[in-house]
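Quick note: the coordinates plus some simple rules give every number you see, no bench work behind them. This is a predicted model, so every value here is computed, not measured. Neighbour counts run over all protein chains shown; Cβ positions are idealised from the backbone, glycine included.
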Amino acid sequence: MGLEEQPLTEDQAERLLAVLRWPSGPICPFCGNKDHYVLDLKNANRRRYKCSACRKQFSVTKGTILEGSKLSLVVWIRFIQFLCKRSEDVSLSDIHHELNVSYGAVQNALDRLAYALKRAPLRAALGKSRNP
Ligand SMILES: [Zn+2]
C-alpha cells in the first residue's frame, strides 16, 4: 500500500516517524539510553516514553524540528510528501491549499525545514547528491 494513496491516522503517522527516527527502538534524546517504558497518559496527544536511566520523558518529536509544532504529524508527513512530489516551484499558497492549514502555519513549517536543511548531517547528505 502506497503512503500517498492511504490517508494516515495520527497514530499511524506517529508510528511511522518513530520507525524512521529509531529503527531499532526508541532512544532517550537526553542520555542516549535505550531502556524506557511507555507512559499510559489518557490525555496525551501522542505516546510519551520515560527513560529508565535519567527518568526524563520524551515523545517522538523531542529534539526534532517537529517539536512544539502546532501541526499534526499527519499534516507534517503530507507536507513533506507534497514537497517531494512536486518538481516545479511550490508557493506558500500551493501548500496552504494542499494541506488546508493557515499561511502562518505553512510559513512556520517552512522555517523549521529551512533550519534543518542548514544543519549537518542533512546538509552534508544533500550536498553529495547535488549538481553544482
Ligand atoms: Zn535518558
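So how many Lys-Lys pairs in the chain land under 26 Å Cα to Cα, not counting same-chain pairs under 8 apart?
Lysine pairs satisfying the spacing and distance rule in the chain number 18.
What helices does the chain hold that run 20 Å or longer along their axis, going by alpha-carbon atoms, with a Kyte-Doolittle average of -0.5 or more, using DSSP H for the helix calls?
103-117
I need to check one value: relative contact order of the chain, counting alpha carbon pairs closer than 8 Å and at least 6 residues apart, in percent.
Value for the chain: 17 percent.
Bin by bin, in steps of 5 Å, what percent of the Cα pairs in region 25-71 do you find, going until the bin that has the longest distance?
Whole-percent P(r) values from 0 Å outward: 5, 23, 30, 23, 15, 3, 0.
For a quick size check, give me the Cα extents of the chain along its three principal axes, largest first, whole Å.
Computed over the chain, the largest-to-smallest principal extents equal 47, 36, 32 Å.
How much of the calculated P(r) for region 73-129 lies past 17 Å, in percent of all Cα pairs?
Summing the P(r) tail past 17 Å for region 73-129 gives 42 percent.
Give me Thr64, Thr9 ranked fewest to most by other Cβ atoms within 10 Å of their Cβ, as a rough exposure proxy.
Thr9, Thr64
Where the Cα atoms of region 1-79 are projected onto their three principal axes, how long is each span, largest first, in whole Å?
Between the extreme Cα coordinates on each principal axis of region 1-79 lie 41, 27, 22 Å.
Please state the relative contact order of region 12-65 as a whole percent: Cα pairs under 8 Å, 6+ residues apart?
29 percent
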